[in-house]
Amino acid sequence: MTRCLRIFGAYSYRLTRKHSTILLIIGFIVILTIIFHSYASRHRNNHRTALKVGDFEYRPGIFLKNIQPNESSNFCKFQYGLPKMLKWDAVQILPSPESGINGPYRVIYNAIKGTAYANKSKYDAVTYATQATPEFIYHVVEIARFWDGPISLSVFVPNYDLDITIQIMTQLCQCYSGMSKVSLHLFYPKRHPPLIIPKKPVSLSITTPAPSTRANITPEQILKNKMAIYKRLDNKTRAEYIQWVRKKKIERMMKRMTNKKTTLPNIKFNDCSGLDNFDIATFRRENNMIYPINVGRNTARNASETNYFMVSDIEMVPSDGLAPKFLKMIRKLMGDKKRDEGCIFAKTIFVVPLFEVERGEEIPRDKDSLVRLVAANRAFYFHQKVCSHCQRFPGLQSWLLRPSPNVIEPMLIARREYPYHRWEPLYFGTQRDPWYSEALSWEGRQDKMTQMLELCLQEYRMVVLDGGFLCHAAVTKSIVRHNNAERLNNKQYLSIIGTFKQKYPDRPQCRVMWGC
């Protein structure tokens, strides 16, 4: 046995000497494999814990659950006879801001006038400017809950969509005191002016014959009588008769159209938290109308009475203190004297990072909470999964790694140039910024692209802010496919690009932009 062990030891020693390099490599690989397996096991356990789906169900206005509206009080200042009727003789109808008098849309400003910040200087407040269709209006209560400043909301109200809008706004204005921040503006196509449906049936002016006059007459006899009357007419009376028939035919057509109209949805609220399902049959949806989102953006922005505002989407909820922290930062950078004189930073916008949370997660209120959700793969920068270039801002990783400040402060200055030439940020801006193109619709996509391109061509600085953000909740959305709208947007986009080529011929970055 001893001799066998000596032989085995000697042989092993010689083999080790001969293949030492190979054995070292094998040993190194084995050690690395053990380390990686250990790390992966620990990481997998933590990952499972972090990815546990939350049980929070986001719904706008859910914090008002079990609260009933107070019909004796109203936190909103309705105008022009609203909410009962719309007094057209008291309304000033204006064209949309960019398209002007020749455009297809019209605007009614301040159908509801916000009163909460009426006594504030325009330099000591900042406006949240947003737009919506009636089924999304309830999201404004979440903005009013967390935004410390005036809110300018424009709503698309063709035909009876105004009635739906007023029903929802009346409910909100009787439920939540924060609605006193909100000013409501209406925009609509000229072909479909807004209306309030009378609550009681109104008799039509068109008179119809008594049933007994033709009750026993067949259609053939009616036609025969009409032909006999027509033959007895001379040239003069025949022309008058034809005009009379046409008039009566138009009246009958109008009556049929009135009867054919879709019945106004009867919206019933259980409490102040709104509806369980906001899938409302609006006039726009029933008639397959495109949504001119940029008319809404321009209208809400144009109605702002503060010299700084943020044009945002109605489903974006601001982090805590975003508005007052921004104003404090502006004063610190500019100085009290210049700020009180109304000065602004020329050709500069202040970009607010955008994020979204996974289903089941509550919208974070501060950066620390947001970063924890991002680390657990429960939050992402906005549209990361559907349009990775749209909202990925310069310095994203640095923003996530930087310690959370208690204030809002500039992190970096960026240009909208390659590789961020398709970036569509939301930002604090002023009335000197270019308008959004009203020829582009929401269904056609790329609706903010031309405005951002013009900002670049005007050599704007884009200051990315740290310490504040906007966040979008995970809500169920139906995917809208509107091929005609996309083709129209592409056509309009190319037309606008052609205009920019003539307007900004000396910009070196244009060559990159045109090809995109």
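Candidates in the stretch 268-288 are the residues that are open to solvent by 90 Å² or more (accessible area, probe 1.4 Å) and assigned to a loop (DSSP other than H, G, I, E, B); of these, the one that is farthest from F63 (Cα to Cα) is N288. Need pairs with beta-carbon distance below 6 Å; first residue over 20 Å from P434 (Cα atoms) and within the stretch 94-112, second at pLDDT 95 or above and among the aromatic types (F, W, Y); sequence gap 6+ or separate chains. Close Cβ pairs satisfying both conditions: I112/F78.
Restricting P158, P189 to those that are touching a Lys or Arg at 6+ places or on another chain (Cβ under 7 Å), over 30 Å from I330 (Cβ atoms) and at pLDDT 95 or above reduces the list to P158. Within the stretch 293-328, track down each residue that is outside any loop (DSSP other than H, G, I, E, B), over 19 Å from D447 (Cβ atoms) and either of a type in the set (S, T, N, Q) or open to solvent by less than 10 Å² (accessible area, probe 1.4 Å) (or both). Passing the criteria: V317, P318, L322, A323, F326. One residue alone among K347, K338, K385, K332 is among the basic types (K, R) and either modelled with pLDDT of 95 or more or in contact with a Leu (Cβ under 9 Å, 6 or more places away or on another chain) (or both), and that residue is K347. Put simply, of R392, R415, R461, R432 the only residue that is among the basic types (K, R) and within 30 Å of E57 (Cα to Cα) is R392. Whether a residue is within 21 Å of the chain's Cα centre (by Cα) and of a type in the set (S, T, Y) was assessed, and Y109 passes this test. Are there any pairs with C-beta distances below 9 angstrom linking a residue in the stretch 227-253 that is charged (D, E, K, R) to a residue that is at pLDDT 75 or above, with the two at least 6 apart or on different chains, and if so which? Qualifying pairs under 9 Å: E240/L233. Looking at the stretch 135-142, can you tell me whether even one residue there is in contact (Cβ under 8 Å) with a residue 12 or more places away in the chain, in a loop (DSSP other than H, G, I, E, B) and either more than 16 Å from P193 (Cβ to Cβ) or open to solvent by less than 20 Å² (accessible area, probe 1.4 Å) (or both)? Within the stretch 135-142, none of the residues are in contact (Cβ under 8 Å) with a residue 12 or more places away in the chain, in a loop (DSSP other than H, G, I, E, B) and either more than 16 Å from P193 (Cβ to Cβ) or open to solvent by less than 20 Å² (accessible area, probe 1.4 Å) (or both).
Only one of the numbered conditions (1) open to solvent by 10 Å² or more (accessible area, probe 1.4 Å); (2) within 30 Å of E57 (Cα to Cα) is violated by V352, and that is (1). The residue that is surrounded by the fewest Cβ atoms within 10 Å (Cβ to Cβ), among those in the stretch 75-91 that are of a type in the set (A, V, I, L, M) and out of contact with any Pro (no Cβ under 7 Å at 6 or more places or on another chain), is A90.
Against the condition buried (at least 17 other Cβ atoms within 10 Å of the Cβ), assigned to a helix (DSSP H, G or I) and either among the small types (G, A, S) or in contact with a strand residue (DSSP E or B) (Cβ under 9 Å, 6 or more places away or on another chain) (or both), how does W423 come out, does it pass? Against the criterion (buried (at least 17 other Cβ atoms within 10 Å of the Cβ), assigned to a helix (DSSP H, G or I) and either among the small types (G, A, S) or in contact with a strand residue (DSSP E or B) (Cβ under 9 Å, 6 or more places away or on another chain) (or both)), W423 does not qualify.
The values are calculated or read from the model by the stated rules, or taken from the named source; none is laboratory data. Not measured: the values here are computed from a predicted model. No Cβ is skipped: glycine too gets one built from the backbone with ideal geometry, and neighbour counts run over all protein chains shown. Side chains are part of the model used for accessible areas, which takes the heavy atoms of the whole protein and leaves out ligands, DNA and RNA. Shrake-Rupley method; radii C 1.70, N 1.55, O 1.52, S 1.80 Å.
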